[in-house]
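The values are calculated or read from the model by the stated rules, or taken from the named source; none is laboratory data. The structure displayed is predicted, hence computed values, not measured ones. Glycine also receives a Cβ, built like all others from the backbone with ideal geometry; neighbour counts cover every protein chain displayed. Surface accessibility is based on the protein's heavy atoms, side chains included, excluding ligands, DNA and RNA. Shrake-Rupley method; radii C 1.70, N 1.55, O 1.52, S 1.80 Å.
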Amino acid sequence: GALLLRRALPGGFGLYYAPRGPVADPNDAESIRAVSNAAREVTARGKGILLKVDPPWEEEESASTLNSCGFRPVGGEGGFAGTQPKCVMQLDLQRPLDEIMAGFHQKWRYNIRLAERKGITVRASDKPQDLITFYRLLRLTAERDGFLVRGESYFERMWDCLSAPGWIRLFLGEYEGEAVCGALLYVMGDKCWYTYGASGNAHREKMPNYLMQWKMISFAHELGCRWYDFRGVSCTPDDPNDKTAGLNRFKSGFSPRLVRYIGEFDLPVNKPASWLWTKGLPYARSWMRRGAKTFGPPAD
């Protein structure tokens, strides 16, 4: 199967995207071709100029099947060049919790205990009002680090859709009642995904993010999940000159495995229009990044 998202473009055209799709056995070429052809038909009927996919497959052999269906790999350097990260880190949870913590870097274990000694507490929340607190921290993080963040209404809609069935959980780290960090955790199947990490400017020396990660890992373990996914990292996490070196170092201290997916593939359905879009997109992204640094993240 595949979930297709459509983004409207002028003139009734659209972009189609199958996030982390198609969903198929990467070794089953027949199924991949069947779902890819069906997705192409839907894209063509909707005046889609191209169909983008980024399946969570590690086997390079599966890329040849996508190529045979007309898909072409999308260029771009680094693990964050695409719509979703090409490389992620995942922690195996099929061990007792004490063994999992024993595998952390010594400094990470120390920081977890330090946060507890300094009075940091972490709680899971299903209260909509806590989402407002989290979003405030997220905006602060975006302004400090210079990246774009979606509007508050996006998170409200996401919360409304996913919280009731238990597919999303909010975690907040607090010091003396003040929220100092937060994150959203997705729950699906045998995985938990850490997403949208946020932190304030105060009390960072108390290492609240380390304790929050440990509490989320423990929560995922209690649910019986197989994997805790830290989401995106650089595909060269040991490179000290990488601009995301700090992010890589923080996640790698929990001793996860590095997973390298095959990346994004585009299927041009309207070749002239897709060529124009592909050539113009890098300039649009560059302009948006400059705008984020100059004007801050958009309100919505």
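Overview of results
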| item | result |
| --- | --- |
| Region 17-38: number of residues that are buried (at least 18 other Cβ atoms within 10 Å of the Cβ) and touching a residue at least 40 places away in the same chain (Cβ under 8 Å) | 2 |
| Hits in region 208-240 (condition: within 22 Å of Cys87 (Cα to Cα), open to solvent by less than 10 Å² (accessible area, probe 1.4 Å), in a helix (DSSP H, G or I) and out of contact with any Cys (no Cβ under 6 Å at 6 or more places or on another chain)) | Gln213, Met216, Ile217 |
| Subset of region 241-275 [under 23 Å from Asp54 (Cβ atoms) and part of a loop (DSSP other than H, G, I, E, B)] | Asp242, Lys243, Thr244, Pro256, Tyr261, Ile262, Gly263, Glu264, Val269, Asn270 |
| All positions within region 192-207 that are more than 13 Å from the chain's Cα centre (by Cα) and either surrounded by fewer than 16 Cβ atoms within 10 Å (Cβ to Cβ) or part of a strand (DSSP E or B) (or both) | Ala198, Ser199, Asn201, Ala202, Arg204, Glu205 |
| Residue list for region 106-122, filter: under 16 Å from Cys181 (Cβ atoms) and of a type outside the set (Phe, Trp, Tyr) | Asn111, Ile112, Leu114, Ala115, Glu116, Lys118, Gly119, Ile120, Thr121, Val122 |
| Candidate set from region 77-103 (those that are modelled with pLDDT of 95 or more and of a type outside the set (A, V, I, L, M)); member that is least open to solvent (accessible area, probe 1.4 Å) | Gln90 |
